[in-house]
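The values are calculated or read from the model by the stated rules, or taken from the named source; none is laboratory data. Please read these numbers as outputs of a predicted model, since none were measured by experiment. Don't worry about glycine lacking a Cβ; one is built from the backbone with ideal geometry, like all the others, and counts go over all protein chains shown.
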Amino acid sequence: DLDIEESNQDQSQNIINAKAIKKLQNETNVEITLTIPIMPSGWQDKQINIIKAYLDADVDITIINSMTMCYGTGVYENEDYGTASVRAITNSIKQMKEIYADYGFILSDDQAYLKTGATFSIGYESSLYPTFTLAMAQTVLDDASKNNYGLLSMWSMGRDAMLEQNQAISSQYNYSNIIKQYNEK
């Protein structure tokens, strides 16, 4: 899993990294997951260029995992982060199909959903963002189950296990139990 956070989205560095990953993949057949930021409107140009850097290097990307979190002003009025996360994934599916078509790969909706992941940030992140509740996690789970995402995950296990303090989490493993439902399907 290549977790490409905001500070690691420099295109020239991702081009170099993609070439190195391709060499590794040729030697080991390792599966590659790109974990990248997303907004409810979908991936921005930075993220699209990252995906293209890996496809240009002929890396076989198993899953493009979107960090469905920390949207700031990217949500609609009266839209919660669960619904915004579903909107983000829906928009990324359209984008993924367009990107892959540019490389000669025609993906069905089912294939695109199998190549997608969603990782939400549970509980309280900061005063800049709303608390990501269990109900919001359920909204994402419902969409993941309906569309058969390739991956559903959360940040962070430390919060869910109550190993780190989080004002919005009052008992252990509630979010893990939601994720577990998806993984057991």
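Looking for something under 19 Å from the mean Cα position of the chain (by Cα), of a type outside the set (D, E, K, R) and crowded, with 18+ Cβ neighbours inside 10 Å - is there at least one such residue anywhere in the range 156-164?
No.
Can you report the number of residues in the range 91-110 which are surrounded by fewer than 16 Cβ atoms within 10 Å (Cβ to Cβ) and more than 14 Å from Ile48 (Cα to Cα)?
6
Would you check which residues across the range 1-50 are surrounded by 13 or more Cβ atoms within 10 Å (Cβ to Cβ), assigned to a loop (DSSP other than H, G, I, E, B) and within 16 Å of the chain's Cα centre (by Cα) and list them?
Matches in the range 1-50: Asp1, Ile4, Gln9, Ile38, Pro40, Ser41, Trp43, Gln44.
State whether the residues of the range 100-108 include one that is more than 16 Å from the chain's Cα centre (by Cα), charged (D, E, K, R) and modelled with pLDDT of 95 or more.
The answer is yes; a qualifying residue exists.
Residues are listed down the side, and each one gets a yes or a no for (1) in contact (Cβ under 8 Å) with a residue 40 or more places away in the chain; (2) more than 17 Å from Thr62 (Cβ to Cβ); (3) in a helix (DSSP H, G or I); (4) under 16 Å from the mean Cα position of the chain (by Cα):
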position: Ser92; (1), (2), (3), (4): yes, no, yes, yes
position: Asp110; (1), (2), (3), (4): no, no, yes, no
position: Glu125; (1), (2), (3), (4): yes, yes, no, no
position: Thr139; (1), (2), (3), (4): yes, yes, yes, yes
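Output yes when any residue across the range 52-63 is closer than 22 Å to Gln13 by Cβ, surrounded by 15 or more Cβ atoms within 10 Å (Cβ to Cβ), basic (Lys, Arg) and out of contact with any His (no Cβ under 8 Å at 6 or more places or on another chain), and no when none is.
yes
Applying the selection to the range 159-180, what residues are assigned to a loop (DSSP other than H, G, I, E, B), touching a helix residue (DSSP H, G or I) at 6+ places or on another chain (Cβ under 8 Å) and in contact (Cβ under 8 Å) with a residue 40 or more places away in the chain?
The answer is Asn166, Ile169.
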